[in-house]
Amino acid sequence: MKRLILVLLAVALAFVAHPAFAQRQFLTIGTASVVGIYYPVGGATSQIINQADIGLRATVEATGGSAFNVRALAAGELDLALAQSDVVFQAYEGQAGFEGEAVDRLRTVMGLHAEPLHLVCARDAGVSSVRDIVGKRVNIGNPGSGIRFTVEQALEALDIGLDDFEAQSLTAPEGVDFLRDGRVDCFFYTIGIGGAALLDISTSQDVVFVPMDEPEFESLVDEFPYFAFTEVPAGTYRGQDEAITLFGVKALFVTTTDLDEEVVYNITSTILDNLEDFTQIHPALNLLTEEDFLSGLGAPLHPGAERAYQEAGLL
């Protein structure tokens, strides 16, 4: 028995002493709910990192989403995370829900898929532009949510007040259910293109996806770095026969200055080198281009990411 223990101890010490094992760094990526887009994107990203021989091992953690992730990064509880660009901006600048607790160490690794503001309405509601919501029953998102924040900015740009229509303050999933039950005429939803909730409602109900391309939104995109326009290809949703332009936020891959420059450089370079595999992770990423990595950012680039983009000729 004593000999067996000594053999097992020797084997264990050999593994620890092996260079690849000893030098491997373990990282945790924060995502969101397992039923959303962030979780599979984070999982596939970790797979690409783990398969590359760069001395890193990434695992994914389901979390409460963007605001939770940013605070967890600040507290050192996560190494990397996915988060909405507007939340990242607010956290970096110490605005909105982060007033008095700015996370100035927050840095962007890369911009990911668009998370545009969708306006979905029952076809018989007669809504063909955002201004047509006046007098309708519309869910604008629960207070404090990213959806609500974006909707309020969009409506303010159009000079539409909350008393101009029957505003509902439901969560995004509740808004979908209320439209299905006929209790609202429309709902706003900030989500990646091809999100399951929108695919489902378009197949089960006769709905329209309203363009969000008013000229007033151009000034928002120019003023706020976390906003961007995006095009939804024709046929993405049932009944959406033409491409439409939406505006809204983006998903970002973020970290803090606490994460070593070389680590971030290796991660960014690995994803750039495996871009084709990366864009097949989820339908939301299918149209992702190298240029998208650098647009709609809510916080400065991490030095490691910046170096990778410079070497790739993107900066």
Two pseudo-spin positions, 7 Å from Cα along C-beta at GLN310 and at PHE224, lie apart in nanometres by 3.2 nm
Share of the chain's accessible area from carbon and sulfur, percent, 1.4 Å?
-> 50 percent
Under the Kirkwood approximation applied to all pairs of distinct alpha-carbon atoms, what is the hydrodynamic radius of the stretch 134-240 in Å?
-> 14.6 Å
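222 nm [θ] for the chain, helices only, -39500 (n - 2.57) per DSSP H run of 4+, per residue, to 500?
Values: 12 runs with 118 residues, N = 315.
Mean residue ellipticity at 222 nm (helix-derived): -11000 deg cm²/dmol.
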Enumerate the amide H contacts of ALA58 below 5 Å, restricted to partners 5 or more residues apart or on another chain; note that Pro and chain-start residues carry no placed amide H.
-> LEU27, ASN50
Mind grabbing the accessible area of THR28 for me, 1.4 Å probe, Å², rounded to tens?
-> 40 Å²
Could you state the angle between the C-alpha long axis of helix 2-17 and the longest principal axis of the C-alpha atoms of the chain, as a value from 0 to 90 degrees rounded to the nearest 10?
-> 60 degrees
For the chain, compute Rh as the Kirkwood radius over C-alpha pairs and then the Stokes-Einstein diffusion coefficient at 25 °C and 0.890 mPa s; write the answer in µm²/s, rounded to an integer.
-> 118 µm²/s
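Near ASN69, within a Cβ-to-Cβ distance under 15 Å, what is the net charge of the other residues, with Lys and Arg +1 and Asp and Glu -1? Could you put the intermediate results ahead of the total?
Numbers: positive: ARG71, ARG105, ARG107, LYS250; negative: GLU61, GLU77, ASP79, ASP86, GLU101, GLU115, ASP258.
Within the 15 Å Cβ shell, the charges total -3.
Hey, got the dipole for the stretch 205-315? About the Cα centre, +1 on K and R Cβ, -1 on D and E Cβ, debye to the nearest 20?
Values: 3 positive and 22 negative charges, 53 e Å.
Dipole size: approximately 260 debye.
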Go ahead and set up a Gaussian network model of the chain, Cα springs under 10 Å, then flag whichever of VAL88, VAL103, VAL134 fluctuates most.
-> VAL134
In degrees, nearest 10, the alpha-carbon axis of helix 261-273 is tilted away from the dominant principal axis of the alpha carbons of the chain by 70 degrees
With axes computed from alpha carbons, what is the tilt in degrees of helix 146-157 against the longest principal axis of the chain, rounded to the nearest 10 within 0 to 90?
-> 40 degrees
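Just to confirm, what accessible area per residue do you get for the chain at 1.4 Å probe, in whole Å²? Don't skip to the answer; put the middle values down first.
On the way: 14360 Å² over 315 residues.
Ligands and nucleic acids excluded, the result is 46 Å² per residue.
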Count the DSSP beta bridges whose two residues both fall in the chain, then state the antiparallel fraction as a percent rounded to the nearest 5.
-> 65 percent
How large is the charge dipole for the chain, taken about the Cα centre, if only the Cβ atoms of Lys, Arg (+1) and Asp, Glu (-1) carry charge, to the nearest 20 debye?
-> 1660 debye
Could you go through the stretch 41-46 in sequence order and give the Karplus-derived ³J(HN,Hα) for each residue, using 6.51 cos²θ - 1.76 cosθ + 1.60 with θ = phi - 60°, rounded to whole Hz, and x for Gly and Pro?
-> 5, x, x, 5, 4, 5
At what distance in nm do the modelled label points of GLU291 and THR171 sit from each other, each positioned 7 Å from its Cα along Cα→Cβ?
-> 3.8 nm
By how many nm would the segment from ASP200 to ALA52 lengthen if fully extended, with 0.36 nm per residue of separation less the alpha-carbon distance?
-> 49.7 nm
Take the alpha-carbon centre of the stretch 36-103, take the same for the stretch 165-184, and report the distance between them in whole Å.
-> 29 Å
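The values are calculated or read from the model by the stated rules, or taken from the named source; none is laboratory data. Here the structure is a predicted model, which means the values were calculated and not measured. Virtual Cβ from ideal backbone geometry, glycine too; neighbours counted across all protein chains shown. To get the accessible areas, we keep the full protein, side chains included, count just its heavy atoms, and leave off ligands, DNA and RNA. Shrake-Rupley method; radii C 1.70, N 1.55, O 1.52, S 1.80 Å.
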